[in-house]
Amino acid sequence: MKDRVQSNQSESFRRSSRRRFLKSSAVLAGVASACSDSQTVVDPNPGTLGVPASAYGQRSEFETSVRQITPSATPEAGASRTPLDDSFGVVTPSALHFERHHAGVPRIDPTQHRLLIHGMVERPLILTMEEIFRLPQVSRIHFIECSGNSGSEWSNPRPNAQGSHGMVGGSEWTGVPLSLLLSEVGVQNGARWIVGEGADACRMHRSIPMEKAIDDIILAYGQNGEAIRPEQGYPLRLVVPGWEGNTHIKWLRRLMVVDQAYMARDETSKYTDLMPDGTARQFTFTMEAKSVITFPAGGKRLDGPGIYQISGLAWSGRGLVESVEISTDGGRSWLEAQLQEPRHPIALTRFRLPWEWDGQEVTLQSRCIDETGYIQPSREQLIEVRGLNTRYHYNGIMIWKILADGSVENAYA
Amino acid sequence: MPTRKAAAGFAGCVCVMVAATLLLWGQLPGYGVGRPPTLEEIESWDVIVGPEGKELPPGEGAVMAGREVFSLRCAECHGSEGQGADKGDALVGGEGTLTGTRPLKTVGSYWPYATTIWDYVNRAMPFDRPGTLTHDQVYAVVAFLLYLNGIIGEEEVMNAANLPLVTMPNRNGFVPDPRPDLGEMDRAP
């Protein structure tokens with residue numbers, strides 16, 4: 001009863017202080033019309049108990065942000081995109097993390113799952129998940145980006161950030177360093193590559209050079225504090241920091257140590273960049289520096305002139321985002337955005353910049369500069385060098401156009 | 001007295017730390033986790049075939065046998081002659097298109113290794129029932145695809161010995177990643 005009284009008192013205090021705040025705001029603004037939606041808010045359900053505790057939480061029923069599923073004649077070999085334009089901060093909720101599958105999401109019982117490590121090793125091993133859990137673990141925050149992300153922007157620009165840039169996500173990944181397992185099995189002389197293979201129906205596999213394998217790859221079983229979601233590779237996946245998403249083999253069931261690249265379908269016929277001269281670039285692993293403004297972005301509408309907070313995400317497969325610059329005058333001048341700290345290497349980095357819109361048509365664009373000094377190129381620069389025949393590894397500057405009515409669209413559309 | 005107690009405590013701590021370190025070292029590099037796989041287990045994971053084809057299993061398949069398998073298991077998605085359809089990529093044609101404005105990347109015009117076709121058909125096809133073709137059927141389908149693309153003759157039979165010797169038309173079409181190819185220019189002041 002005492003609690004109840006205190007609660008009522010504090011509720012009444014909150015209401016009165018809100019009234020005071022609104023009143024003073026109105027005085028400061030000096031415009032009565034500005035208060036049209038500033039009437040006193042009354043609790044619509046006084047005395048109504050909420051729901052009890054729940055075993056596994058759900059988001060509010062009022063939240064509607066979802067992944068956008070790409071239409072496909074073969075939906076099991078399909079994709080969904082992260083709603084970047086609704087995101088805060090630098091972590092992508094696991095349930096909203098983009099997907100790219102080649103034969104659907106397998107249903108894997110972790111007690112039945114095995115990882116086989118063999119090939120050019122001294123001591124081939126087969127491991128259960130329980131055994132993998134006993135090995136020393138690390139947690140790191142990294143982005144994963146499909147190398148087809150923004151592929152539409154070469155020639156078929158999408159109307160919003162989810163469509164154009166939604167095949168990237170940022171997570172905390174927990175697992176075992178691959179280098180530890182490789183020293184456990186003993187890599188033989190002459191071994192130059194590893195082949196990772198998934199337990200999806202198509203047993204998707206990729207070749208990865210040994211230098212990367214012993215550098216920073218993680219065999220991950222944790223994502224954002226819980227077990228990896230099935231669509232992200234449950235119970236075990238590779239996280240290959242900074243490299244194209246397709247190399248981060250999900251549902252990992254085999255590592256084979258070999259002397260050369262194994263020329264998998266997904267490193268020859270797919271994920272290679274066809275150049276104007278007819279040659280194709282192969283093993284273009286690193287996802288280069290990139291950024292996108294997620295507000296104001298395509299599909300949003302500004303509610304009249306005034307102050308807004310430009311916000312967006314930047315990342316680089318080569319390390320830290322050093323700075324992000326924003327231009328509101330078609331690239332003639334650039335303003336440095338604030339970066340959310342702490343920044344993590346090879347991770348989504350949130351940038352923000354307050355900006356006043358004067359109500360005129362204007363373009364907004366951002367460019368990422370990473371710790372190597374690499375500057376995100378323009379779309380025109382990319383096309384000049386690489387032509388229009390590849391669908392992969394696009395990292396051109398994204399330009400949003402704000403129309404006089406406040407609506408926002410892809411400037412290239 | 002408190003000083004002596006602290007000193008004793010400190011010495012105790014050091015002893016524990018040294019013991020713990022030795023214990024850790026004793027476990028390195030072997031954590032003793034997992035066990036060696038049996039040969040049967042390794043075989044049950046099936047093969048991953050590299051460009052030299054040394055993992056190719058015994059078996060063989062003729063072009064004509066491949067036409068039959070293809071019509072039953074592949075044509076629904078890829079078209080009866082591999083021309084492509086709603087669900088499946090074109091597998092035939094495209095020669096000479098890679099420098100044009102509408103490049104057609106097929107097994108014939110783009111794929112650099114015949115061994116990759118075998119590996120991919122074996123592991124991932126047919127799309128709705130991957131891994132259900134016999135090794136002989138996989139050889140046959142690969143033979144049929146090579147024939148459709150004019151790479152081998154109609155009477156040929158493919159096997160582990162001759163498949164890696166097939167030279168694909170675009171075998172030398174791939175170059176290593178030269179990036180960063182742009183993006184490192186000095187910023188305007």
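Every number here is computed from the coordinates shown, using simple stated rules; none is lab data. Keep in mind that this is a model prediction, so the values were computed, not measured. Every residue, glycine as well, gets a Cβ built from its backbone with ideal geometry; the counts of neighbours run over all protein chains shown.
Numerical summary
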quantity	calculated
Around A:V185: net Lys/Arg minus Asp/Glu count, Cβ-Cβ under 9 Å	-1
Mean separation of Cα contacts under 8 Å, 6 or more apart, over the residue count of chain A: relative contact order %	15 percent
Gyration tensor over alpha-carbon atoms, region A:224-266, equivalent ellipsoid semi-axes in Å	22, 12, 10
Relative contact order (percent, whole number), region B:39-165, Cα cutoff 8 Å, 6+ residue spacing	36 percent
Net charge over other residues, Cβ less than 11 angstrom from the Cβ of B:Y139 (K, R count +1; D, E count -1)	-3
Listed residue (B:G66, B:G173, A:A213) projecting farthest to the positive dipole end of the protein assembly as shown, Cβ model	A:A213
Euclidean distance of C-alpha centroids, region B:90-123 and region A:41-68, integer Å	52 Å
Cβ-Cβ FRET estimate between A:N156 and A:D43, R0 fixed at 45 Å, reported to 0.05	0.40
Neighbour-count order for B:V33, A:V51, fewest beta carbons within 10 angstrom listed first	A:V51, B:V33
R0 of 60 Å, Cβ-Cβ distance B:E184-B:E154: FRET efficiency to nearest 0.05	0.70
Exposed chymotrypsin sites (Phe, Trp or Tyr not before Pro) absent: longest stretch of chain A, with sites in DSSP loops and at most 13 other Cβ within 10 Å deemed exposed	A:89-413
Label-point gap, in nm, between A:D86 and B:R129 - each point 7 angstrom along Cα→Cβ	4.0 nm
Dipole in debye (nearest 20) - the protein assembly as shown, about Cα centre, beta carbon charges: Lys, Arg +1; Asp, Glu -1	2180 debye
log10 of Debye I(q)/I(0), alpha-carbon scatterers only, for region A:72-278 at 0.09 Å⁻¹	-0.34
Theoretical FRET efficiency, 1/(1+(r/R0)^6), r = Cβ-Cβ of A:T372 and B:L72, R0 35 Å, to 0.05	0.10
For region A:290-410: relative contact order, % (alpha-carbon pairs under 8 angstrom, 6 or more apart)	34 percent
Tail beyond 20 Å, pair distance distribution of region B:21-117 (Cα, percent)	63 percent
Least to most buried among A:C368, A:C146 (fewest other Cβ within 10 Å first)	A:C146, A:C368
Residue exposure sequence - B:I152, A:I383 - by fewest surrounding Cβ within 10 Å	A:I383, B:I152
Alpha carbon centroid spacing (whole Å) that separates region A:224-238 from region A:364-395	31 Å
Lys, Arg +1 and Asp, Glu -1 on Cβ, resulting dipole of region A:72-278 about Cα centre, debye, nearest 20	400 debye
Shape box of chain A [Cα atoms, principal axes, largest first, Å]	78, 63, 41
A:L403 versus A:R134: modelled label distance in nm, points set 7 Å from Cα along the beta carbon direction	6.4 nm
Residue (of A:F283, A:G233, A:Q188) at the positive-pole extreme of the protein assembly as shown, dipole from beta-carbon charges	A:G233
Column: log10 I(q)/I(0), Debye, Cα scatterers of region B:80-189, q = 0.10 Å⁻¹	-0.37
Under-23-angstrom lysine pairs by C-alpha in the protein assembly as shown, whenever the two are 8 or more apart or on separate chains	11
Residue-count net charge about A:P305 - beta-carbon cut-off 14 Å; Lys, Arg +1, Asp, Glu -1	-4
Gyration tensor verdict on region A:311-413 (Cα atoms; rounded if a/c is under 1.5, prolate if a/b is larger than b/c, oblate otherwise)	oblate
Within region A:35-113, GluC sites (Glu not before Pro) in DSSP loop having at most 11 other beta-carbon neighbours inside 10 Å	A:E61, A:E63
Test item: Cα-centred dipole of region A:311-413, Lys/Arg +1 and Asp/Glu -1 on Cβ, debye	460 debye
